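Here is the structure we will look at, set down as structure tokens.
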């Protein structure tokens, strides 16, 4: 287990540099404020937590820890680890990318315990479902409905007005710095999708995939956000950058060349056996800079494929499988805004993790 003063992070680093128009502070009409917003220091930080696998608290034994740690290790170590990371990092948003609980303990009590550090922190958080969140005593819809109602949760069941596969497909907008000319625009777009569990098509074995209905929603939402970013006031030349979060990695994760990977790949990519084309959909839209998944606990790499960074969060929970002697971990993403010579904050200039 990690010592209390040295938590582990997924350690790969990439920078995304974005060209923007000069932005100056100006008077703006008051509008409803975004729930998420860049700080006055021009930064916004996201903590990704993948694969907690929370079950029955102190009754749940840990997997793949050192022999001398086994007797005292339980789900409570996962809770303590999350509490410690939240204190140290002070993120602006916490994102849980599935397998939040373990199916045999799949109930509201387990979810309440798993997410309790985020709730107690009063930091906004969002979640999607994974493969081990289901099947359980709750359906996927019931599970997502419970997450939506929890304190601090910005999660949504599904976008209104759409017939869409899965539960937990939604987007969040991150506004510009208070008082800047981009105060009323989303300068960073976050997309969340339900990547499903296992295939329910008999002729296609294995894991599920991002369905066509979800891709259509993503394309329309991305297009609407781009139009809003390009229109008056302060019209921009290109889309605001987007980050995408879901659980099961895309097949493209396995195609990234080792020369384009930062950090470690210690197991095969376990994606769907068919490719539904979501990577191509994101590439065609052009706004997505990175994808963040979980599922494969002892992979924590980021790989650059055609300009989109495909990243793992790394296994977080002690009830999930790991590798003896290899620390549980999380991923931190820091987005920073451009600052003009006059000191005004503009659009996103870099994203690093």
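The values are calculated or read from the model by the stated rules, or taken from the named source; none is laboratory data. All values reported here derive from a predicted model rather than from experimental measurement. No Cβ is skipped: glycine too gets one built from the backbone with ideal geometry, and neighbour counts run over all protein chains shown.
Counting only residues that are modelled with pLDDT under 95, in contact with a helix residue (DSSP H, G or I) (Cβ under 7 Å, 6 or more places away or on another chain) and either under 19 Å from residue 172 (Cα atoms) or crowded, with 22+ Cβ neighbours inside 10 Å (or both), segment 107-126 holds 1 of them. Restricted to segment 317-332, and to residues that are part of a loop (DSSP other than H, G, I, E, B) and out of contact with any helix residue (DSSP H, G or I) (no Cβ under 7 Å at 6 or more places or on another chain), which residue is nearest to residue 290 (Cα to Cα)? Applying the filter and picking the extreme gives 329. Highlighted here are the strands (runs of 3 or more DSSP E) found entirely within segment 27-140 that include at least 3 residues which are within 24 Å of residue 208 (Cα to Cα): 93-97, 125-128.
Within segment 166-188, is even one residue at positive phi, surrounded by 20 or more Cβ atoms within 10 Å (Cβ to Cβ) and in contact with a helix residue (DSSP H, G or I) (Cβ under 6 Å, 6 or more places away or on another chain)? Among the residues of segment 166-188, at least one is at positive phi, surrounded by 20 or more Cβ atoms within 10 Å (Cβ to Cβ) and in contact with a helix residue (DSSP H, G or I) (Cβ under 6 Å, 6 or more places away or on another chain), which makes the answer yes.
Every residue in segment 258-279 that is free of Cβ contacts under 8 Å to residues at least 40 places away in the same chain and out of contact with any helix residue (DSSP H, G or I) (no Cβ under 9 Å at 6 or more places or on another chain), please.
258, 259, 264, 267
For the structure I just gave you, tell me whether residue 225 is in contact (Cβ under 8 Å) with a residue 40 or more places away in the chain, within 30 Å of residue 42 (Cα to Cα) and not in a helix (DSSP H, G or I).
So residue 225 does not fit the description; no.
Which one of 255, 293 is over 28 Å from residue 62 (Cα atoms) and at pLDDT 95 or above?
255
Residue count for segment 272-288, restricted to those that are within 17 Å of the chain's Cα centre (by Cα) and either part of a helix (DSSP H, G or I) or surrounded by fewer than 22 Cβ atoms within 10 Å (Cβ to Cβ) (or both): 4. From the list 200, 194, the lone residue that is over 30 Å from residue 81 (Cα atoms) and either in contact with a strand residue (DSSP E or B) (Cβ under 9 Å, 6 or more places away or on another chain) or part of a loop (DSSP other than H, G, I, E, B) (or both) is 200. Is it fair to say residue 147 is touching a helix residue (DSSP H, G or I) at 6+ places or on another chain (Cβ under 7 Å), assigned to a loop (DSSP other than H, G, I, E, B) and on the phi < 0 side of the Ramachandran plot? When the stated conditions are applied, residue 147 does not pass them. Any residue at all in segment 249-268 that's under 20 Å from residue 168 (Cβ atoms), under 19 Å from the mean Cα position of the chain (by Cα) and part of a loop (DSSP other than H, G, I, E, B)? Yes: segment 249-268 contains one or more residues that are under 20 Å from residue 168 (Cβ atoms), under 19 Å from the mean Cα position of the chain (by Cα) and part of a loop (DSSP other than H, G, I, E, B). For segment 318-346, a tally of residues being under 26 Å from residue 44 (Cα atoms) and touching a strand residue (DSSP E or B) at 6+ places or on another chain (Cβ under 8 Å) returns 15.
Please verify whether segment 318-331 includes one or more residues that are within 24 Å of residue 241 (Cβ to Cβ) and either surrounded by fewer than 21 Cβ atoms within 10 Å (Cβ to Cβ) or within 15 Å of the chain's Cα centre (by Cα) (or both).
For segment 318-331, residues within 24 Å of residue 241 (Cβ to Cβ) and either surrounded by fewer than 21 Cβ atoms within 10 Å (Cβ to Cβ) or within 15 Å of the chain's Cα centre (by Cα) (or both): present.
Within segment 207-222, the set of residues being touching a strand residue (DSSP E or B) at 6+ places or on another chain (Cβ under 7 Å) and in a loop (DSSP other than H, G, I, E, B) comprises 208 only.
Can we say residue 167 is within 17 Å of residue 195 (Cβ to Cβ) and touching a residue at least 40 places away in the same chain (Cβ under 8 Å)? So residue 167 does not fit the description; no. Among the residues of segment 280-289, the one identified as within 15 Å of residue 211 (Cβ to Cβ) and in contact with a helix residue (DSSP H, G or I) (Cβ under 6 Å, 6 or more places away or on another chain) is 281. Of all residues in segment 333-345, those being surrounded by 18 or more Cβ atoms within 10 Å (Cβ to Cβ) and either in contact with a helix residue (DSSP H, G or I) (Cβ under 8 Å, 6 or more places away or on another chain) or on the phi > 0 side of the Ramachandran plot (or both) number 0.
Do you know which residues across segment 290-306 are buried (at least 20 other Cβ atoms within 10 Å of the Cβ) and assigned to a strand (DSSP E or B)? Listed by number, the residues that qualify are 290, 291, 292, 293, 299, 302, 303.
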